[in-house]
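Take a look at the structure below.
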Amino acid sequence: MTYVGMPTPKETPQETMAKIAGSAKGMKVVIVGGGVSGLSAGWWLARSGAEVTVLDKGIVGWEASGRNGGGASHYQSPLFEEEQRMWPHMDALLGYPTEHQQERLVIAVSPKQLNQYHYLAKMNNDMGYRVDLLDGDQVRSMVPLAGDNCLGGMHYRFGGHANPQRSVQAYAWALQDLGGRIYQHSPVTGFETVGGKVTAVHATSGRHECDAVVVAAGPQIQALMAKLGVEVPLAAARAEMIVTEPAPMMPIGGVDGNGLYGRQTLRGNLAYGGGPHEWLETFEAGPPARPSSPLTRNLARRVAELFPKAAHLNVIRSWAGIVENTPDGRPIIDRMKDPENVTVITMSGVGFGLSPASGHAVRDLVVDGACSFTDIAKISLSRFDGIGADWREQRGWQAPKAA
Amino acid sequence: MHINNGTDPHAIGTKLPAPEARYDMVVVGAGPAGLTAALAGAGEGKSVLLVDENPIPGAAMGNDVPLLFGGRMTTATQNAERMLETVFMSEPMLEAAMDAGVEVLLGTSAWGVYRNGAGITGLPENVVALADKDRGWIVGYNELVLATGARDLAIGFPGWNQPGVMGAAALERLLAHYEAFAGKRILIVGSHNLALETALLARDKGVDVAGLVEVRSAPQGDAALAEAVRAAQIPFYLEDAPAEAIGGIDGVERVRLRSGAEIAVDTVVLAIGLVPSIELIDAMGGKRVLDGARGGYIPGDNDGVTCVGDCAGLADTGFDHVDYRMEWARELGKLSKGDTIVCQCEEVTRADLLGVQPPRYLERPAPMQARSLDTLIKDGPPNPDQIKRLTRAGMGVCQGRRCRDQVAMMLAMAADGPFGSVPLATHRAPVRPLPLRILADWEESEEMRAGWDVWFGIPTQWVPYRDIDTPREREHQTAIAEGWSL
Ligand SMILES: Cc1cc2nc3c(=O)[nH]c(=O)nc-3n(C[C@H](O)[C@H](O)[C@H](O)COP(=O)(O)OP(=O)(O)OC[C@H]3O[C@@H](n4cnc5c(N)ncnc54)[C@H](O)[C@@H]3O)c2cc1C
């Protein structure tokens, strides 16, 4: 259950689990936010013996974590090798299906796309992650829905995809099976701090005492951390996807390209997103709505170009989710100096696939104060020290002013 | 007007196109209510577009979109031209509307309404999205009139998932507008006005009506209508319910009632109720309210949008439709078995829905099997959208039309709450299943093409971690950014 195209892991996930068992025994951890980041962190901490409480303003995974493309191939991340080590074992470790599937294809329908994909293939091969280049005929034999317009592509011998909603629920249920508690419909409203530590978290469900806090509230991290005097620069944006009725199953369901990301679900549906986003406020109470737009038509066009043999399939839904973004698009996984028992995690728009690893990193920070399996110094919060209040304007990322 | 003044080339900015055409008034639905509104608008000198999805394409009818046709349409429905003519002839006011200058488009569905508001400001103006058999497009409006009618309420029972179990609205469509009903002898479920009117219509159209089954102890509808049904020698089976539809390769052949009676029919017509068609209102984020006397969820007050006819709510006769359908759901639930299908598209059984189990192509390890709606309810009130994502009930090509209402009722019953205690499962555009090639914008703007990126177009995001803060970082950023705007 490892990948052809990845370095062989030094230890199995089962060995890691045995090692951490009991390491946080008796530690009370409150997690703010029941998306994949918070739930994975909670699950890793519960595996370590901590008493975990997750507080969410709504239903677990209701925001980005349950509305994303399910892609799990973010080779740029320091967490990537850990993610790859964990995913093939997650169903067994969690006890619930995630629909995780291995490997990905990226296919081009224009020469410019093909150039770009060749560059990315080289970038990966340089890192020791194996990518095979494909010509048009090779793609057509691997991707039955591709058409004559396909010029070639690449085959990641690593990466993959999973079902977002199912994975979120799997983390949540597995966490409960370990004794963790989840309070839904319970927004966090404030913190009690004593001597540089948060001692309790206030939510509509009551006051929750804690030894440590993980703030994993997506775009709402900004407002929550401001209550603790910590500035976390985040911008929210809306991103859209569409899904078709089922198509015949392709041997590899994770097929991207033509400016789209997405996957064929195990049921056969083609679920795809991409294209322009809309910047929004980070909304302390959470997004008031998650509307989709006529961008549905542009997505439909690109899916029809990517898969000409599926162009007759019905689109049956569109949806939108709210994505969290940091100023450089890279995650923030960091334990604060003050209050020193608070750890912040936000993945800047690529947090689903990396979740099996992001939770491990958070567990390490909460329990040991440092990440055990990779360097994460370059994704600390301090890189944004003194960024200035107008950082969104400088990037052209401002939310629209009220009309 | 676009008010997003950010300079990010990959943001939506002004990329969404202006509508192809603009009208003072757009009316969706060419039934009597829509036609009346269109004629009134034209009479005031307004430019009016009136669209109606009829005749429904054969493939959609096969998927029970938008009504529960139950596979009982004749092959006539495959002949698009003939159908167009038949539909046109069946509604004399259509010609009047055209004479009055209304632009009438039949075979054209409205699959979305988009307005700037909470969470979206990128639209150049408020628009209605349309599609016919050849293409999709958008139009602008000053006034939007929704006259989308009401759709069939389906509640399952053993054997309902076969050809020959259909809805009363679908039957009316086939008999009165399409002349294309393939059944010969029907049993009607329900006895309120809808059921009584269905019985009389069917009788008038030469269909043999074997009877009406009513779970309560007396016919529920208007006394005079019930009397007319009796006078036509159509029997009522009171305090009874269909226990099973039994059939063969062509679908239903007979129905066994709870009382044990067996009735030979080729079609069961569910006439328990109709649900106002609020898909467009809900999908655009509009307001809606629950009103049991008017058929369930009906549109609330929505700026610039007027709802008329059944989509605004059924006529209030003091009868509580929601109570009535809950009583039916309880009874048919009792008669159902664990393996009775709830969601036909995704083949979700009652046991799997109540067990919150994943589809059969996934494994069910022991912890998964130990989960159920009961364990989920401990974490909070049941939400149909959450349950649909886990069980796939309502995720199929009929867009949940066949099971959305019964799933909501089952959840309410499981949680021991009233119908309104369970949120309405969301509707999303396109509110009709539409092929990719039809929905597609084949004429998108250069700005859209140039600004398109697979994700946010933040070059620093994709630089391999080890290359951050090294000379290679710039190189990657440039190469990655150049590949965008395909
Ligand atoms: C359309 C789309 C496609 C995407 N595609 C991919 C992809 O293919 N691969 C990938 O890896 N990533 C993808 N992403 C990004 C990914 O979904 C996110 O990075 C990830 O889900 C973030 O998870 P999270 O747990 O950090 O945040 P969220 O999912 O936002 O969760 C935060 C949680 O905190 C809760 N919360 C907020 N405020 C409070 C409060 N005050 N009190 C209590 N709780 C609170 C919220 O309710 C929410 O449940 C996509 C995102 C979108 C929208």
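Here are the numbers:
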{"quantity": "Test: residue in region A:50-60 that is hydroxyl-bearing (Ser, Thr, Tyr), within 14 Å of another protein chain (Cβ to nearest Cβ) and more than 11 Å from the ligand (Cβ to nearest atom)", "calculated": "yes"}
{"quantity": "For B:Gly457: the one exception among (1) of a type outside the set (Phe, Trp, Tyr); (2) surrounded by 22 or more Cβ atoms within 10 Å (Cβ to Cβ); (3) within 30 Å of A:Ile376 (Cα to Cα); (4) in contact (Cβ under 8 Å) with a residue 24 or more places away in the chain", "calculated": "(2)"}
{"quantity": "Residues (more than 14 Å from chain B (Cβ to nearest Cβ) and crowded, with 17+ Cβ neighbours inside 10 Å) located in region A:177-196", "calculated": "A:Val188, A:Phe191, A:Thr193"}
{"quantity": "Set B:Gly211, B:Gly221, B:Gly206: member being buried (at least 17 other Cβ atoms within 10 Å of the Cβ) and on the phi > 0 side of the Ramachandran plot", "calculated": "B:Gly211"}
{"quantity": "Qualifying strands (runs of 3 or more DSSP E) (wholly inside region A:76-165; at least 1 residues being without any contact (Cβ under 8 Å) to a residue 40 or more places away in the chain)", "calculated": "A:131-135"}
{"quantity": "Residue match in region A:203-215 (condition: at pLDDT 95 or above, of a type in the set (S, T, N, Q), assigned by TED's automatic domain parsing to the domain that holds A:Val30 and within 24 Å of the chain's Cα centre (by Cα))", "calculated": "no"}
{"quantity": "Any hit, region A:255-271, residues being among the aromatic types (Phe, Trp, Tyr), more than 30 Å from B:Glu363 (Cα to Cα) and either in the same structural domain as A:Ala320 (by TED's automatic domain parsing) or in contact with a strand residue (DSSP E or B) (Cβ under 7 Å, 6 or more places away or on another chain) (or both)", "calculated": "no"}
{"quantity": "Residue in region A:197-224 that is nearest to the ligand (Cβ to nearest atom), counting only those that are within 14 Å of chain B (Cβ to nearest Cβ) and not in a strand (DSSP E or B)", "calculated": "A:Pro219"}
{"quantity": "Residue in region A:274-284 that is within 11 Å of the ligand (Cβ to nearest atom), among the hydroxyl-bearing types (Ser, Thr, Tyr) and within 15 Å of A:Gly69 (Cβ to Cβ) present", "calculated": "no"}
{"quantity": "Odd one out for B:Asn383, checked against (1) within 27 Å of the chain's Cα centre (by Cα); (2) more than 8 Å from every other protein chain (Cβ to nearest Cβ)", "calculated": "(2)"}
{"quantity": "Selected residue (only one of A:Gly274, A:Gly286, A:Gly257 is more than 26 Å from A:Lys401 (Cα to Cα), out of contact with any His (no Cβ under 9 Å at 6 or more places or on another chain), in contact (Cβ under 8 Å) with a residue 24 or more places away in the chain and not aliphatic (A, V, I, L, M))", "calculated": "A:Gly257"}
{"quantity": "Check on A:Gly71, within 11 Å of the ligand (Cβ to nearest atom), in contact (Cβ under 8 Å) with a residue 60 or more places away in the chain and surrounded by fewer than 24 Cβ atoms within 10 Å (Cβ to Cβ)", "calculated": "yes"}
{"quantity": "Among the residues listed as A:Ala170, A:Ala174, the single one being touching a helix residue (DSSP H, G or I) at 6+ places or on another chain (Cβ under 7 Å), crowded, with 24+ Cβ neighbours inside 10 Å, closer than 30 Å to B:Arg371 by Cα and not assigned by TED's automatic domain parsing to the domain that holds A:Met249", "calculated": "A:Ala170"}
{"quantity": "Some residue of region A:19-31 being within 27 Å of B:Leu376 (Cβ to Cβ) and surrounded by fewer than 24 Cβ atoms within 10 Å (Cβ to Cβ)", "calculated": "yes"}
{"quantity": "Whichever residue in region A:329-362 is in contact (Cβ under 8 Å) with a residue 60 or more places away in the chain and among the hydroxyl-bearing types (Ser, Thr, Tyr) and, among such residues, is farthest from the ligand (Cβ to nearest atom)", "calculated": "A:Thr343"}
{"quantity": "Residue in region B:219-232 that is in a loop (DSSP other than H, G, I, E, B), out of contact with any helix residue (DSSP H, G or I) (no Cβ under 8 Å at 6 or more places or on another chain) and at pLDDT 95 or above present", "calculated": "no"}
{"quantity": "Neighbours by Cβ (under 6 Å, 6+ apart or cross-chain): first from region B:353-368, more than 10 Å from chain A (Cβ to nearest Cβ); second assigned to a loop (DSSP other than H, G, I, E, B) and surrounded by fewer than 19 Cβ atoms within 10 Å (Cβ to Cβ)", "calculated": "B:Gly355/B:Ser372"}
{"quantity": "Those residues of region A:339-369 which are within 19 Å of A:Gly22 (Cα to Cα) and charged (D, E, K, R), in sequence order", "calculated": "A:Arg363, A:Asp364, A:Asp368"}
{"quantity": "Unmet requirement for A:Arg85, which otherwise passes all of (1) closer than 25 Å to A:Arg330 by Cβ; (2) more than 16 Å from the ligand (Cβ to nearest atom); (3) within 12 Å of chain B (Cβ to nearest Cβ); (4) crowded, with 24+ Cβ neighbours inside 10 Å", "calculated": "(3)"}
{"quantity": "Qualifying residue in region A:104-123 (condition: among the charged types (D, E, K, R), over 13 Å from A:Gly254 (Cα atoms), more than 16 Å from the ligand (Cβ to nearest atom) and surrounded by fewer than 18 Cβ atoms within 10 Å (Cβ to Cβ))", "calculated": "yes"}
{"quantity": "Meets criteria (within 15 Å of the ligand (Cβ to nearest atom) and outside the structural domain of A:Val215 (by TED's automatic domain parsing)) for A:Val36", "calculated": "no"}
{"quantity": "Positions within region A:94-108 being within 19 Å of the chain's Cα centre (by Cα) and not charged (D, E, K, R), in sequence order", "calculated": "A:Leu94, A:Tyr96, A:Pro97, A:Thr98, A:His100, A:Gln101, A:Gln102"}
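One line per residue, one yes/no per condition, for (1) away from every other protein chain (no Cβ under 11 Å); (2) assigned to a helix (DSSP H, G or I); (3) under 20 Å from A:Trp44 (Cα atoms):
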site	(1), (2), (3)
A:Thr282	yes, no, no
A:Val303	no, yes, no
A:Trp319	no, no, no
A:Asp328	no, no, no
A:Pro339	yes, no, no
A:Val344	yes, no, yes
A:Phe352	yes, no, yes
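Table: residues versus (1) farther than 30 Å from B:Ala40 by Cα; (2) surrounded by 18 or more Cβ atoms within 10 Å (Cβ to Cβ); (3) aromatic (Phe, Trp, Tyr).
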site	(1), (2), (3)
B:Gly296	no, yes, no
B:Gly304	no, no, no
B:Cys307	no, yes, no
B:Asp320	yes, no, no
B:Trp328	yes, yes, yes
B:Glu331	yes, yes, no
B:Lys334	yes, no, no
B:Gly338	yes, no, no
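The values are calculated or read from the model by the stated rules, or taken from the named source; none is laboratory data. Keep in mind that this is a model prediction, so the values were computed, not measured. Glycine also receives a Cβ, built like all others from the backbone with ideal geometry; neighbour counts cover every protein chain displayed.
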